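The values are calculated or read from the model by the stated rules, or taken from the named source; none is laboratory data. Remember, it's a predicted structure, so these values are computed and weren't measured experimentally. Don't worry about glycine lacking a Cβ; one is built from the backbone with ideal geometry, like all the others, and counts go over all protein chains shown.
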Amino acid sequence: MNQANDIDDAQMQQAQMELTRILNGLKQEIPVFLFTQGGKNDVFNDAARQALRFFRQLTDKIVLREFDLSHEKAQQMGIDHSPTLVFDPNRYNIRWLGAPLGEEGRIFLEVLLRIGTGKSDLNEASMGVLKKIDQPRHVKVFVSASCPYCPQQALNALKAAVARPEMISLEIIDIQANADLADQYGAHSVPQTFANDVLIALGAQTEELFMSSLDKMEQQTIFIPDSDEAEVACQLVIIGGGPAGLTAGIYAARSGLKSVVVEKGVLGGQVALTPVVENYPGMKEVGGKTLVDLMVTHALEYVQIFPGEEVVDIIPGEPHIVQTSRRKFKTQAVLIATGASHRHLGVPGEDRFSGRGVSYCATCDGPLFRDKTVYLVGGGNSAATEALHLQNMGVKVTLVHRRDRLKAQEVLVKKLIDSNIPILFNTEVKEIRGENRVSEVLLLDKTTGETITKPADGVFLAIGYDPAVDLAGKVGLELTEEGYISHKGFRTNIPGIYVAGDVAGGFKQIVTAAGYGSPGQNRKLQPGNHVAHDAAPGCQPRGHRARRRRHEAHR
C-alpha cells in the first residue's frame, strides 16, 4: 500500500514539474477576475479558488482579483452567476461559468496557455475560415466535468476567441454549476455549442469543422479546404454541386475521367435547404442537409470540389477554358448543372429587408424566429413543408396563397390542417415594411379588393424557382421557350458542353437530377463516348484504383 502511495506521489510531483515547465513559458500576465456569492454554488466557488491557488503556485503570471456578485464590477460586466471567471478582459472576452473540475481542468490549462502566450495556434485552413466571419459571434460551449469530449470543443472555441477577440466572445458553461442555463438552452448533453443563441454544434468537432460551423451558423459535417492553384488542368469541369453535379462527378471519375466540381453557392442546391426529404429511395425520412452531406462525402472520394467559386465565363475551344472568380480551368468537356434559384415576389421591401426579416430558407433562418410571427408565401409542396417545419421550431406561421386552393400534395395539406396552421387563400403580400427590419406586411384580399396591414417579424418566401441560365446565355447556349437549356441527348448546341439536372428542364425531383448526372441518362460521360475520355484513355484521379474494390458495392 505504501509503495503504491509512493508511486502516486512521484507521478504527482512529475506532473507538477511538467506543468511548471509549461507555465514558465508564458510571456504575458494573465489577469483573472473571480466573481462569487456566498451560499450560492459554494462547492464550485471553493473549487475555483483552489484551482487558481494551485496554478498560482506554479507561475507568477496569474494576477487574481476576487469580487462578490454584489460588487459594482459584477454589475458593470453583466455577471450574475457564481462562480464566474473572467480572463484578461482588456484584451479578450472569455468567461468561465463554473470551476475547472475533472476533465475541465484540461480546458482551464489551455485557457492559461492561449492567453499567456497570445497565440491561438489555429492551422492555416481554420484561420482562413475564421477570417471570413464579418459579424460578431457570441459563443457558448456547455461542458461538464465528466465529459472527455468537452475539452476539444472548448479548445476550438477558445482558439477562435484568442485569434479574433474583436469578433468572437466566449462563455464556457458548466451545466452542473449552471442548471438554469442548461435548462434555458436545452443543453442536457455535452458538449453543445451555441453562437448568438443558435445551436451550431452537437458533440465535439475537428478544428476546421468548428470554424466552418461558426461561419455558417449551423453544424457542418464536411470540410473542404481551399486551394490556391491559379490554373487547374482536367478532363471534365462540372458546374454545379447539386445532386446532378455530384452524381456526375462520381460516375465520371469511376469512368476514368479527371473531374472537378465547381459550385458558387451552397453544395446540394435546393436539397440543402429542404427541411425533410421523404421520397428519396432507401431513406423514409431524412433531412435535406443530411442527404447532401452524404452525397458530398461520397463525391469527395472521387473528385475535387471547389465551393464558393462562381464561373464567370466559358471560352469554347480545345481545350475549353472555364474562368471562375478565383482561378482558371482547362478542360476537354464541360457539364452545366447549375440548377435553379429561388423565385422572388418583386414587391416593395423584399430586397431591402432580405436577411433582415425576409428569408428564402426556413431551415437556415427559422430558429431566429422562434416565438415570433411570420408569414410564409406559397402554395406548393415546398411552402407546405416549410410552414410545418417553422411551426415545429416554435414559430407562429401563417401561410399566404394567392389562389383559392393549395397546389401541395394532399398528404401535406392534411398535415397543415391537422397542425392548425392558418391559411389565407386568395391573398397576396403587396409590401413588406419596417425600419431596420421587418415589422409589418401589407396584404391584399383578392376577393374583396381590400388591403390590410398585419404586424410581422418576418416573411418567408417559397414560391418556386427559375433555372439558372445566365451563364448559358452568356456562352451562347440555346434555350427552350420555358427558359431551360436546350439539348438533344444532353448535348447542347456547342460541342463539348453538356447539361444535366433542373437547368435542363423536366421533373424537379432529387432522384431525377441524380439520374441526369449518371451515365444511365447521360451516355456521353461513359468511357469511349466522351471526348475527354478519348483524349486521355485510362487516366484516373489519384487514389481511384486503390478505392475501386471497396466502392464496387455502390453499383
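Tell me which residues, restricted to the range 287-319, are more than 20 Å from ALA253 (Cβ to Cβ) and charged (D, E, K, R). Hits for the range 287-319 are LYS289, GLU310, ASP313, GLU318. With respect to (1) small (Gly, Ala, Ser); (2) in contact (Cβ under 8 Å) with a residue 60 or more places away in the chain; (3) in contact with a helix residue (DSSP H, G or I) (Cβ under 8 Å, 6 or more places away or on another chain), the lone exception for GLY489 is condition (2). Figure legend. Inter-residue proximity from the range 461-473: first residues at positive phi and at pLDDT below 90, second residues not in a helix (DSSP H, G or I) and not polar (S, T, N, Q), beta-carbon distance below 9 Å, spacing 6+ or different chains. Indicated pairs: GLY464/ALA340; GLY464/HIS342; GLY464/ARG343; GLY464/GLY378; GLY464/GLY380. Which members of the range 394-412 meet the condition of being surrounded by 14 or more Cβ atoms within 10 Å (Cβ to Cβ) and either of a type in the set (Phe, Trp, Tyr) or under 25 Å from LYS430 (Cβ atoms) (or both)? Scanning the range 394-412 gives VAL395, LYS396, VAL397, THR398, LEU399, VAL400, HIS401, ARG402, LEU406, LYS407, ALA408. Figure legend. Inter-residue proximity from the range 498-518: first residues in a loop (DSSP other than H, G, I, E, B), second residues modelled with pLDDT of 85 or more and acidic (Asp, Glu), beta-carbon distance below 9 Å, spacing 6+ or different chains. Indicated pairs: LYS508/ASP502. Only one entry of GLU208, GLU218 meets the criterion of being surrounded by 19 or more Cβ atoms within 10 Å (Cβ to Cβ) and among the charged types (D, E, K, R), and that entry is GLU208. Among the residues of the range 122-161, the one identified as over 18 Å from THR206 (Cβ atoms), in contact with a Phe, Trp or Tyr (Cβ under 8 Å, 6 or more places away or on another chain) and hydrophobic (A, V, I, L, M, F, W, C) is PHE142. Looking at the range 128-144, which of its residues are of a type in the set (A, V, I, L, M, F, W, C), in contact (Cβ under 8 Å) with a residue 60 or more places away in the chain and not in a loop (DSSP other than H, G, I, E, B)? Selection gives VAL129, LEU130, VAL139.
Is it fair to say ALA182 is in contact with a Phe, Trp or Tyr (Cβ under 8 Å, 6 or more places away or on another chain) and buried (at least 24 other Cβ atoms within 10 Å of the Cβ)? So ALA182 does not fit the description; no. Screening the range 177-257 for helices (runs of 4 or more DSSP H) wholly inside it with 3 or more residues that are closer than 18 Å to VAL129 by Cα returns the ranges 207-216. Selection within the range 165-176: residues that are of a type in the set (A, V, I, L, M) and part of a loop (DSSP other than H, G, I, E, B). The member of this set that is farthest from GLN153 (Cα to Cα) is MET167.
Taking the numbered list (1) more than 25 Å from GLN220 (Cβ to Cβ); (2) charged (D, E, K, R); (3) modelled with pLDDT under 95 in turn, ARG356 passes all entries but (1).
Looking only at residues in the range 129-155 that are of a type in the set (Val, Ile, Thr) and touching a Pro at 6+ places or on another chain (Cβ under 7 Å), the one that is nearest to GLU166 (Cα to Cα) is VAL141.
All conditions but one from (1) over 30 Å from the mean Cα position of the chain (by Cα); (2) within 30 Å of THR290 (Cβ to Cβ); (3) buried (at least 21 other Cβ atoms within 10 Å of the Cβ); (4) among the polar types (S, T, N, Q) apply to ASN420; the one that does not is (3).
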